[in-house]
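Scroll down for the structure; my scribbles are underneath it.
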Amino acid sequence: MTHILDIKEIEKARDIVRDVALETPLQFNERLSMQYGAKVLLKREDLQPIRSFKLRGAYHKIHKLSKEECERGIVCASAGNHAQGVALACNKLGIQGTIFMPVPTPKQKLGQVRMFGGSFVEIKLVGDTFDDAYAAAQAFKDKTNSAFVHPFEDEDVVVGQATLALELIEQAKEPIDYILVPIGGGGLISGVLHVFKTLSPKTKVIGIEPSGAPAMQQSLEKGEITALDKIDPFVDGAAVRRVGDNAYVLCREYLDKMVLVSEGEICQSILTLYNKEAIVVEPAGAMSTAALDTVADEIKGKNVVCLICGGNNDITRMAEIKERALLEERLLHYFIVRFPQRAGALKEFVAEVLGVNDDITFFEYSKKNNRSNGPAVVGIEIKNPNDFEPLVERMKSKGFYGDYINNKPDLFQFLI
């Protein structure tokens, strides 16, 4: 599949995908355009029935299965969005499916899979990551001879995802100079590259990964597919240990640039899109707008498309999203504070150490009767990053300072 696909094949897929997928809008975003001195457009795949582009590839693949394959049933592995696409396709086409998902999958996504699949799907929760679920799904396929619907390493799935890029080019009123594309396993970036390198070869295609799961970036740097030993699963729609073989080859040959965005930057983008435009995105869906800061200099005066690939965000995650965003902005800091074991120590800390705009967001303390000082873990939110150094100085001068935790991963992981 490393050859560039025939556009006519993608056009045929579009006719199939239209049974379930919407033609999502390509929207001009005034705020981002003014901020970056460019014409920034958002391709709103978060507005699909399953709130993700994954419906395109899943439905196209399942629609093309033979009658015999359909009768044996299908199986897939997914961190959420691919599962919803498979579930909807199973329900619409009347095919039984088994869907393996990681145990930490947000409840919102699990609920959506159940809703779209109805009686036609069974969900099995296995392991901590997509890769764990994938291994279990492969074992199930071998045992039952079910047809496997891969989320990205399948030509029919990629052709389905490519319909997004075809649609986008037809919607654009002016040539697209840059397109920013989130990368997980590689199905979406593969579809985009197939279309753009044929119909819009001058467009620079920029791939984006979360810094906690840089599987494609590591592979491109090392010149071979590299499986990551450890990933941060926070960006559940894009956190994979290993990218697809064909996606790697396509990116190696045709991708113009790779960009990593931190999980904190992604969280900032989630909150800003919600607060400014009332757009609800999941972490993977915010990656393209989060990457604009990194490419700000080169996109000035250009036409730029950001793919908003998914909007399945669980409201219960918002506290963590806000916390990660504050940490990224250097507005939330955790300390070990050593309180003298005497009456009035806490009052003194609040009155003489905290600034007028500082706020305690976390406090954990246990009195030790046999010590002169009792340690507490304290989280403090400040209003301006410049308030940090004076805060630390006041702690030290008053004898409260014990340690700073933000830059100590072994301790900090217990808080975030």
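The values are calculated or read from the model by the stated rules, or taken from the named source; none is laboratory data. What you see is a predicted model, and the numbers here were worked out from it, not measured in a lab. Every residue, glycine among them, receives a Cβ derived from its backbone with ideal geometry; neighbour counts consider all protein chains shown.
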**Prompt:** Considering only the range 280-316, how many residues are among the polar types (S, T, N, Q) and touching a Gly at 6+ places or on another chain (Cβ under 7 Å)?
**Reply:** 1
**Message:** Any residue in the range 116-130 that is outside the structural domain of HIS82 (by TED's automatic domain parsing) sitting within a Cβ distance under 8 Å of a residue that is buried (at least 17 other Cβ atoms within 10 Å of the Cβ)? List the pairs, counting only those 6 or more apart or interchain.
**Reply:** none
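At least 1 residues that are acidic (Asp, Glu) and without any contact (Cβ under 8 Å) to a residue 12 or more places away in the chain in each: list the helices (runs of 4 or more DSSP H) lying fully within the range 286-377 that qualify.
Correct list: 296-299.
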**Asked** Right, ASN246: assigned to a loop (DSSP other than H, G, I, E, B) and out of contact with any Phe, Trp or Tyr (no Cβ under 8 Å at 6 or more places or on another chain) or not?
**Response** no
**Asked** Just for the range 258-282: of the residues that are hydrophobic (A, V, I, L, M, F, W, C) and surrounded by fewer than 24 Cβ atoms within 10 Å (Cβ to Cβ), which one is farthest from VAL205 (Cα to Cα)?
**Response** ALA278
**Request:** Only residues that are modelled with pLDDT of 95 or more, buried (at least 24 other Cβ atoms within 10 Å of the Cβ) and over 15 Å from ASN312 (Cα atoms): list them for the range 48-86, please.
**Result:** ARG56, GLY57, ALA58, TYR59, HIS60, LYS61, ILE62, ILE74, VAL75, CYS76, VAL86
**Prompt:** Where in the range 25-99 are there strands (runs of 3 or more DSSP E), lying fully within it, with 1 or more residues that are touching a Lys or Arg at 6+ places or on another chain (Cβ under 7 Å), of a type in the set (A, V, I, L, M, F, W, C) and not assigned by TED's automatic domain parsing to the domain that holds ASP236?
**Reply:** 74-77
**Request:** Within the range 30-52, count every residue that is closer than 16 Å to ASP177 by Cα and polar (S, T, N, Q).
**Result:** 1
**Message:** Being among the β-branched types (Val, Ile, Thr) and over 21 Å from LEU255 (Cβ atoms) is the filter here; which residues of the range 1-47 pass it?
**Reply:** ILE16, VAL17, VAL20, THR24
**Asked** Identify, please: which residue in the range 88-135 is surrounded by fewer than 19 Cβ atoms within 10 Å (Cβ to Cβ) and small (Gly, Ala, Ser) and is, among those, farthest from the chain's Cα centre (by Cα)?
**Response** GLY94
**Request:** Report the residue count in the range 295-319 for those that are surrounded by fewer than 17 Cβ atoms within 10 Å (Cβ to Cβ) and in contact with a helix residue (DSSP H, G or I) (Cβ under 9 Å, 6 or more places away or on another chain).
**Result:** 5
**Asked** Restricting the search to the range 1-15, which residues are in contact (Cβ under 8 Å) with a residue 12 or more places away in the chain, assigned to a helix (DSSP H, G or I) and surrounded by fewer than 19 Cβ atoms within 10 Å (Cβ to Cβ)?
**Response** ILE7, GLU9, GLU11
**Prompt:** Do the conditions hold for VAL235, that is, is it of a type in the set (A, V, I, L, M) and part of a loop (DSSP other than H, G, I, E, B)?
**Reply:** yes
**Prompt:** Does the range 223-232 contain any residue that is in contact (Cβ under 8 Å) with a residue 40 or more places away in the chain and crowded, with 24+ Cβ neighbours inside 10 Å?
**Reply:** no
